[in-house]
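Working notes, structure below.
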Amino acid sequence: MSNPASPPAVDVLDERSPLTFPPGFLWGAATAAYQIEGAAAEGGRTPSIWDTFSHTPGRVVAGHTGDVACDHYHRLGPDVALMAELGLKSYRFSVSWPRVQPGGSGPANAEGLDFYRRLVDELLAHGIEPWLTLYHWDLPQPLEDAGGWPARDTAARFADYTTLVADALGDRVRYWTTLNEPWCSAFLGYGSGVHAPGRSDGADAVRAGHHLMLGHGLGVQALRAARPTAEVGVTVNLYPVTPASEAPADVDAARRIDGLANRFFLDPLLRGSYPADLMADLAEVTDFGHVRDGDLAVISTPLDLVGVNYYSRHVVAAPVEGAEPEAYWRAPSCWPGSEDVRFVTRGVPVTDMDWEIDAPGLVETLRRVHEEYTDLPLYVTENGSAFVDAVVDGRVDDVDRLAYFDAHLRAAHEAIEAGVPLRGYFAWSLMDNFEWAWGYTKRFGMIYVDYDSQVRIPKSSARWYAEVIRRNGLAAQ
Ligand code: IFM
């Protein structure tokens, strides 16, 4: 927990070695539409699966919803001014599909698109590069009613939506990512059901993962057709997966979870095939009959960049008869076919999400993507931590979050020195926000949000990050 009695955390830098990042390194912060916008029923927006889910009793802690969130929809100007104060070079945001295409099909909603035009124009006016994510989990509810991501047609609907957004914003947005963290959409949304739409069926989760990637591929093609100069990529959330011991059964457990968490997406997207061992692991779950000829060619449509979200590492062990899974992974499982693999905690420091802090895992992850999969430019499109924050005398001295960022930026630098073409880093998150099934109970922001007054307070980590950006690195004064 943050210690409010500590000296101003910005001094932490002075005791560390200086590190400089490559010229032009894209320093940013990220958010997502449903997590910050609010205005859920304004400007022609219709419900997404997250509106339905959060309004269903028992789904989100304390019944929190994104109805108001950080009210960013009404505070766009001051929020961009805060970004400028921090010196952000880029801001990664997502477009709310049901705001710009209510219901998920048919014509665009001009009022919805205007909001994003104003946002992008405001960013550009402040010299901040907009980075647009098309899908950060808010599927229009009617598309879920028609089958959701397990249904193939949703991929085609995503391509249509992409064209609408590209036509409207392609003249002023250079960087685009199609999906954010398709693993979460597929395996938390349709596998364990802890995320919207809250369905629990392993085969559906696998189908959803495939159709998300198909939608991505079709979306890339739609973007290229509409805006040939756009720089297009996808964001995946990756974890190093480590066996708890060298015992062959633990090593095999790690292989299985690595298959589901990482290779399920990396291989189709960057190699155009599903890993054979993963398909064998899933044999009892699905026959992959949903994969049609030509799908993998679409899914592996060439990209300009890859976004990596990194938070922690998984350490896993072979099943033990009668053992209870860790609470977070309890049935229904988000690991179809590998439900009984055990997730092991090592006793190292954790964040308020109970995620182990493991900065070396970022080096490992970036090196793996580069060395095993692609020469494309990589970006850390999310990295950050939740901690309990306290406002003391109008300040939030979040030393733990600051230390997390510091350690992970050092890891990012180490990856660059090892040859990884890492071109940018986006802190998660710009501001505290709706943390999905945890509602507003987990704070990831560099900017504290008082949800009653909507007052924003830049935390120590934000002031520190502004210095990092100004210096283009971590440097002693
Ligand atoms: O808040 C989320 C974000 O929406 C996606 N990546 C992980 C973050 C922290 O859980």
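The values are calculated or read from the model by the stated rules, or taken from the named source; none is laboratory data. Just so it is clear, the model here is predicted, and its values are computed rather than measured. Neighbour counts run over all protein chains shown; Cβ positions are idealised from the backbone, glycine included.
Which of the residues that make up region 411-430 are more than 12 Å from the ligand (Cβ to nearest atom), of a type outside the set (Lys, Arg) and closer than 21 Å to Ile128 by Cβ? Talk me through it step by step, then tell me what you get.
So the first thing to find is which residues in region 411-430 are more than 12 Å from the ligand (Cβ to nearest atom), and the list is 411-425.
Checking the rest, the ones that are also of a type outside the set (Lys, Arg) come to 411-422, 424-425.
Ala412, Leu422, Gly424, Tyr425 - these are the residues of region 411-430 that are more than 12 Å from the ligand (Cβ to nearest atom), of a type outside the set (Lys, Arg) and closer than 21 Å to Ile128 by Cβ.
Conditions (1) in contact with an Asp or Glu (Cβ under 8 Å, 6 or more places away or on another chain); (2) assigned to a strand (DSSP E or B); (3) within 21 Å of Ser54 (Cα to Cα), marked per residue:
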| residue | (1), (2), (3) |
| --- | --- |
| Thr133 | no, yes, no |
| Phe158 | no, no, no |
| Val165 | no, no, no |
| Ala186 | no, no, yes |
| Ala208 | no, no, yes |
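If I filter region 15-29 down to residues being of a type in the set (A, V, I, L, M) and modelled with pLDDT of 95 or more, which single residue comes out as farthest from the ligand (Cβ to nearest atom)? Explain how you work it out, then say what you get.
Of all residues in region 15-29, those of a type in the set (A, V, I, L, M) come to 19, 26, 29.
Filter again for modelled with pLDDT of 95 or more, leaving 26, 29.
Values: Leu26: 18, Ala29: 12 Å.
In this case the residue turns out to be Leu26.
State yes or no: is Gly191 crowded, with 23+ Cβ neighbours inside 10 Å, in contact (Cβ under 8 Å) with a residue 60 or more places away in the chain and either within 26 Å of Glu284 (Cβ to Cβ) or touching a Ser or Thr at 6+ places or on another chain (Cβ under 6 Å) (or both)? First the steps, then the outcome.
On the way: crowded, with 23+ Cβ neighbours inside 10 Å: yes; in contact (Cβ under 8 Å) with a residue 60 or more places away in the chain: yes; either within 26 Å of Glu284 (Cβ to Cβ) or touching a Ser or Thr at 6+ places or on another chain (Cβ under 6 Å) (or both): yes.
It is true that Gly191 is crowded, with 23+ Cβ neighbours inside 10 Å, in contact (Cβ under 8 Å) with a residue 60 or more places away in the chain and either within 26 Å of Glu284 (Cβ to Cβ) or touching a Ser or Thr at 6+ places or on another chain (Cβ under 6 Å) (or both).
Quick check on region 370-388: of everything there that is buried (at least 22 other Cβ atoms within 10 Å of the Cβ) and of a type outside the set (Phe, Trp, Tyr), which residue is farthest from the ligand (Cβ to nearest atom)?
Filtering first and then ranking leaves Leu378.
Any residue that is among the acidic types (Asp, Glu), in a helix (DSSP H, G or I), more than 16 Å from the ligand (Cβ to nearest atom) and surrounded by fewer than 24 Cβ atoms within 10 Å (Cβ to Cβ) - is there at least one of those in region 431-452?
No, region 431-452 has no match at all.
So is Leu362 more than 16 Å from the ligand (Cβ to nearest atom), at pLDDT 95 or above, surrounded by 23 or more Cβ atoms within 10 Å (Cβ to Cβ) and not hydroxyl-bearing (Ser, Thr, Tyr) or not?
Working: more than 16 Å from the ligand (Cβ to nearest atom): no; at pLDDT 95 or above: yes; surrounded by 23 or more Cβ atoms within 10 Å (Cβ to Cβ): yes; not hydroxyl-bearing (Ser, Thr, Tyr): yes.
For Leu362, the condition - more than 16 Å from the ligand (Cβ to nearest atom), at pLDDT 95 or above, surrounded by 23 or more Cβ atoms within 10 Å (Cβ to Cβ) and not hydroxyl-bearing (Ser, Thr, Tyr) - is not met.
Could you check how many residues of region 30-67 are hydrophobic (A, V, I, L, M, F, W, C), within 16 Å of the ligand (Cβ to nearest atom), touching a helix residue (DSSP H, G or I) at 6+ places or on another chain (Cβ under 7 Å) and in a loop (DSSP other than H, G, I, E, B)?
Final tally of qualifying residues: 1.
Say whether the condition of being closer than 24 Å to Glu435 by Cα, buried (at least 16 other Cβ atoms within 10 Å of the Cβ) and either among the acidic types (Asp, Glu) or at pLDDT below 95 (or both) is met by at least one residue in region 75-86. Steps first, answer last, please.
Residues of region 75-86 closer than 24 Å to Glu435 by Cα: 75-83, 86.
Checking the rest, the ones that are also buried (at least 16 other Cβ atoms within 10 Å of the Cβ) come to 75-76, 79-80, 82-83, 86.
From what is left, the residues that are either among the acidic types (Asp, Glu) or at pLDDT below 95 (or both) are 79.
Within region 75-86, one or more residues are closer than 24 Å to Glu435 by Cα, buried (at least 16 other Cβ atoms within 10 Å of the Cβ) and either among the acidic types (Asp, Glu) or at pLDDT below 95 (or both).
For residues that are more than 16 Å from the ligand (Cβ to nearest atom) and among the charged types (D, E, K, R), scanning just region 154-183, find the one that is surrounded by the most Cβ atoms within 10 Å (Cβ to Cβ).
Step by step, filter region 154-183, then rank; the result is Arg157.
Could you please find all residues in region 166-182 being touching a residue at least 60 places away in the same chain (Cβ under 8 Å) and out of contact with any Leu (no Cβ under 8 Å at 6 or more places or on another chain)?
Asn180, Glu181
Exactly one of these conditions fails for Ser245: (1) in contact with a Gly (Cβ under 9 Å, 6 or more places away or on another chain); (2) outside any helix (DSSP H, G or I); (3) surrounded by fewer than 21 Cβ atoms within 10 Å (Cβ to Cβ). Give me its number.
(1)
Please find, among Asp354, Asp340, Asp393, the residue that is free of Cβ contacts under 8 Å to residues at least 24 places away in the same chain and within 29 Å of Gly189 (Cβ to Cβ). Talk me through it step by step, then tell me what you get.
Values: Asp354 fails: free of Cβ contacts under 8 Å to residues at least 24 places away in the same chain; Asp393 fails: within 29 Å of Gly189 (Cβ to Cβ).
Sole residue among the options that is free of Cβ contacts under 8 Å to residues at least 24 places away in the same chain and within 29 Å of Gly189 (Cβ to Cβ): Asp340.
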